[in-house]
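The values are calculated or read from the model by the stated rules, or taken from the named source; none is laboratory data. Computed from a predicted model, the values in this text were never measured in an experiment. Please note: Cβ atoms are built from the backbone with ideal geometry, for glycine as well, and neighbour counts cover all protein chains shown.
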Amino acid sequence: MRLPITIAMAVALSGAAAAHEFNAGDLVIGHPWSRTTPPGAPTGAGYVAITNNGSELERLVGGSAEVSEGFELHTSETVDGVARMRPVEGGLAIPPGATVALEPGGTHAMLTGLKEPIKEGEAFFGTLLFERAGEVPIEFAVEGFGGSAKTAADQHEGHGR
């Protein structure tokens, strides 16, 4: 008789974990997440949606993650059928009233020098560094390799976006 209740609670809690968000002043940081990595992978990636509810430009300038030695903002673009990645110079601007998403195939946090594989279901802590708001502690949920790009951006539907 307890098994159905346990299953229902696990499903409810997993949904709550998938929709986690963090607030720092006028910023709403929605659903930080990462994908699982294979053993021995030197890098991973972090994704998140950041909404600026303030009246002034904010800029994401860096961060850190407990699973990696480094944290770099990169952008990906495809030119003539070839995907290229390059660092984001000067930080990532988040205009007032806008939501900016770090997502697969676009701008993302590159987690360099992984200390261990990133494993599905094992969340890890990190920090985002903003020009105005300063350091904001967050927790990255880890999804399977097939995790969807829509996960971060779509978490903000109904949040005044």
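May I ask you to list the residues in segment 39-59 that are under 25 Å from E122 (Cα atoms) and either modelled with pLDDT under 95 or crowded, with 16+ Cβ neighbours inside 10 Å (or both)?
Hits for segment 39-59 are P39, G40, G44, A45, G46, Y47, V48, A49, I50.
If I ask for residues that are among the polar types (S, T, N, Q) and closer than 20 Å to I29 by Cα, which ones from segment 79-137 would you list? Walk me through how you get there before you give the answer.
Narrowing segment 79-137 to residues among the polar types (S, T, N, Q): 99, 107, 112, 127.
Result: T99, T107, T127.
Of the residues making up segment 93-113, those that are within 20 Å of E139 (Cα to Cα), within 15 Å of the chain's Cα centre (by Cα) and not hydroxyl-bearing (S, T, Y) are V100, A101, L102, E103, P104, H108, A109, M110, L111. Find all pairs meeting these conditions: Cβ atoms under 6 angstrom apart; at least six residues apart or on different chains; first residue within segment 52-68 and touching a residue at least 40 places away in the same chain (Cβ under 8 Å); second residue surrounded by fewer than 16 Cβ atoms within 10 Å (Cβ to Cβ) and among the small types (G, A, S). Qualifying pairs under 6 Å: N52/A98; R59/G91; R59/A93; L60/G91; V61/G91; S68/G113. Of all the numbered requirements in (1) modelled with pLDDT under 95; (2) assigned to a loop (DSSP other than H, G, I, E, B); (3) not hydrophobic (A, V, I, L, M, F, W, C), T6 misses one, and that requirement is (2).
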